[in-house]
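As structure tokens, the structure follows; a few thoughts come after it.
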Amino acid sequence: MTLTAILPSLRATIPDPLDAAAWPVHTEPTCDDVRVSAVSMSRLADVAGTPCVHTAEESPPRYRPRDWTPRGMSVAVAAVTGVRRTPTGLVLELDAVLPDCAVLDEARLIGRRSTAPRTAAVVMALPGVGAATEAYPAAGDAAVLVVPADVAVGDLVCFPCRRALTHREVAAVVPVTGASR
């Protein structure tokens with residue numbers, strides 16, 4: 001348990017600590033952003049749109065073997081497109097497909113400061129995207145994202161992924177309906 005988890009109001013001045021092993025090397029948290037190798041994830045989302053991906057080098061393990069070589073890993077940024085508050089908790093819709101290599105308990109709200117306590121939120125499949133695809137688990141195995149309780153539509157969420165991804169792997173494919181020839 002961290003000090004910012006005990007006193008969430010401190011998040012206005014102190015960023016939540018992150019697990020360095022889950023993020024790429026040279027990752028720095030700020031109160032309202034995450035910088036990976038000096039690249040601001042909120043600025044990347046402003047320039048490239050969401051969803052977007054930034055690829056960087058993997059952090060070295062604490063006790064690394066001699067033959068260890070770094071691999072590529074990614075940080076994905078997605079926008080919240082829907083929030084439903086249910087009696088059991090939050091249900092989120094994102095504009096991205098969550099890959100199976102995503103570290104969802106390390107998710108960060110970026111673009112604004114939040115002093116709300118962190119809570120688990122179930123992530124639903126996008127409309128038109130099958131709930132039982134390779135990227136989304138089966139309906140019984142819902143993906144859970146840990147975010148501040150005051151998350152709202154339009155907020156940006158970033159999370160690390162354990163392998164290098166391409167934009168195609170996180171971008172949702174929206175089926176064309178009623179297309180004319």
Taking R0 as 30 Å, what's the FRET efficiency between Val91 and Thr55 from their Cβ-Cβ distance, rounded to 0.05? 0.50
Solvent-accessible heavy-atom area per residue, rounded to whole Å², over the range 39-109 at 1.4 Å: 53 Å²
Relative to a virtual label point 7 Å from the Cα of Glu28 in the Cα→beta-carbon direction, which members of the range 53-73 show backbone nitrogen distances below 18 Å? 56-57, 59
Nearest 0.05, what FRET efficiency do Arg64 and Thr119 give at R0 = 41 Å with Cβ-Cβ as r? 0.75
Calculated P(r) tail over 18 Å for the range 1-70, as whole % of Cα pairs: 52 percent
Mind checking the dipole of the range 1-105: about its Cα centre, +1 per Lys or Arg Cβ, -1 per Asp or Glu Cβ, Debye to the nearest 20? 160 debye
Of 145-151, 165-171, ordering from highest average Cβ density within 10 Å down gives 145-151, 165-171
³J(HN,Hα), Karplus 6.51/-1.76/1.60, whole Hz, each residue of the range 21-31, x for Gly, Pro: 6, 8, 10, x, 4, 6, 9, 10, x, 10, 5
As a test question: what accessible area, to the nearest 10 Å², does His26 have when a 1.4 Å probe is rolled over all protein chains in place? 130 Å²
Order of exposure, largest accessible area first, which applies to Thr4, Thr88, Thr69 with probe 1.4 Å: Thr88, Thr69, Thr4
Extension gain, Asp19 back to Ala48 (0.36 nm per residue minus Cα-Cα distance, nm): 7.8 nm
I want the local charge near Thr50. Using Cβ-Cβ distances under 11 Å, sum +1 for each Lys or Arg and -1 for each Asp or Glu among the other residues. -3
Checking rank on 72-83, 28-39, 103-114, with mean other Cβ inside 10 Å and highest first, the result is 72-83, 103-114, 28-39
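The values are calculated or read from the model by the stated rules, or taken from the named source; none is laboratory data. Quick caveat, the model's predicted, so the values are computed rather than measured. Methodologically, a virtual Cβ is constructed for each residue, glycine included, from the backbone with ideal geometry; neighbour enumeration extends over all protein chains shown. When the accessible area is computed, the model is the full protein with side chains, heavy atoms only, and any ligands, DNA or RNA have been set aside. Shrake-Rupley method; radii C 1.70, N 1.55, O 1.52, S 1.80 Å.
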